[in-house]
Each structure stands twice: as C-alpha cells, then as structure tokens.
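Enquirer: So that we are looking at the same thing, I have put the structure below in structure tokens.
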Amino acid sequence: MERKRLLNISLWVIALLIINIIWANVATNEASKQLNDRGFEFQSEREVSLQAVFGSDADLPISITTEFVHRDDPSREANVSWALIDSSNNVVASWSGSTNEYVTIEKELPPGEYTLNTTIEDNIIAIQTLDIAPFAPIATLGHFLLSTLLVVVAFGESAVRTFIAKKVENSEIKDDKPREFRKSRIGMPEVDSHDELDDSPWREPITL
C-alpha cells in the first residue's frame, strides 16, 4: 500500500513538471506579423495593434526587425528610418540608418494601437517584421494557477476515491446482515410484509 501511494505521488509530481514545462514553452512563443516585405506594395504607414490576453494590461515585449535593400543595386547605400508612434502621437521606438543593415529593436509597450512610419528613398525594398510574445506578461501567474489547479485535482481525486471506498465498504456491511434485519428497498410495504408471513413457521389453519 505504501509503495502504491509513493507511486501515485511520483506520478502527480511528474505531471506537475510536464504541465509547467509546456506552459513555459507557450509563454515564450512569439507571434510574428509582416509589416513590409518583398513582393508586396510598400506602405509608409502601417497600423500596429498590440492586444493583451486575458484582460492583462501589463507591458508586452515586442521586437521590430528591419532590413532595407536597394532594388537596382544591392550594394548601394541610402538613408532609411522608421518610428513607432502611439495613439497620443508619442514616439515610443525609432531607428535611423542606411540600407544593408539588419537591425532588431526590442521594447516593452502597453497594449494599444500604434502606427509604424517608415521613410525611405525610391527603389528601396523594406523588410519589416514585428514579433510579440503575448503570454509573457502572465507567465508567472500561469505557472502559479496551473500548479495550484493540478494540486487541487490531485487532492480532490484522492478524496473522491476515499469517499467511494467508504461507500462501498458501508454497503457491503449492510448486505451482510440477516434478511429479517435488512431494510426493505423495493416493493410496496404490504407486499414485503406478506412475504415475511409466508416464510413464518406459524400459519393460520386451513379452513374448508
């Protein structure tokens, strides 16, 4: 019995580790959005929406990766720049440089609506990608809630099994009683009492 209990506890511990590892992978996953790319019409203004999950208002970690290449001469350098502006027209992130530079800017911004303004010369290809980790702000909370839920389920499962075992045990004890001490479960009372009279050794005499 003790070995079975230890095995049961070990299985729940393994389940706790697995569920937290899975959540850690989910929380670090990033969703990508292509803002400008090869083969698509360039847009100098792109709307960027940062949406929270589960109503969280915590800052979201984002990264904007940009690369600019001259369409006719890839080795040619030209000035390029971009700026990310919030709904109050405040610049929250920006970069300026030249073509043939591969740059990634990382920021943490509150959920909301933003606008990406990009300034380039003619015949410049803009490659801009936004990566966001929507579950990162609630990663710690998710670990706590999932772990607590699993512990509750583990103790609840043990309590239910104990309750069912006691019910079965009590039922077996009742079934071991002699028939005359058992409580009638089915049938009408008068029918049950009639059966008991038929089984009695004292019967009324037969009258002709």
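Enquirer: Restricting to segment 112-170, count the residues that are free of Cβ contacts under 8 Å to residues at least 12 places away in the same chain and assigned by TED's automatic domain parsing to the domain that holds N100.
Expert: Residues that pass the stated criteria total 1.
Enquirer: Could you tell me whether E47 is touching a Phe, Trp or Tyr at 6+ places or on another chain (Cβ under 9 Å), among the acidic types (D, E) and at pLDDT 85 or above?
Expert: Spelling it out, E47 is indeed touching a Phe, Trp or Tyr at 6+ places or on another chain (Cβ under 9 Å), among the acidic types (D, E) and at pLDDT 85 or above.
Enquirer: A follow-up question, please. Taking segment 114-159 as the search range and keeping residues that are of a type in the set (G, A, S) and under 23 Å from A58 (Cα atoms), which one is modelled with the highest pLDDT? Give the derivation first.
Expert: From segment 114-159, those of a type in the set (G, A, S) are 126, 133, 136, 139, 142, 147, 154, 156, 158-159; that's our starting set.
Cutting the leftovers down to under 23 Å from A58 (Cα atoms) gives us 133, 136, 139, 142, 147.
On the way: A133: 88, A136: 81, A139: 81, G142: 79, S147: 85.
Here the residue is A133.
Enquirer: Just one of (1) at negative phi; (2) touching a helix residue (DSSP H, G or I) at 6+ places or on another chain (Cβ under 7 Å) trips up F54, so point out which.
Expert: Result: F54 passes all but (1).
Enquirer: Six or more apart or on different chains, Cβ under 8 Å: which pairs go from a residue in segment 34-48 that's aromatic (F, W, Y) to one that's part of a loop (DSSP other than H, G, I, E, B) and surrounded by 11 or more Cβ atoms within 10 Å (Cβ to Cβ)? Could you list them?
Expert: Filtered contacts from segment 34-48: F42/I120.
The values are calculated or read from the model by the stated rules, or taken from the named source; none is laboratory data. Note that the coordinates shown come from a computational prediction; the quantities given were computed from them, not determined experimentally. Glycine also receives a Cβ, built like all others from the backbone with ideal geometry; neighbour counts cover every protein chain displayed.
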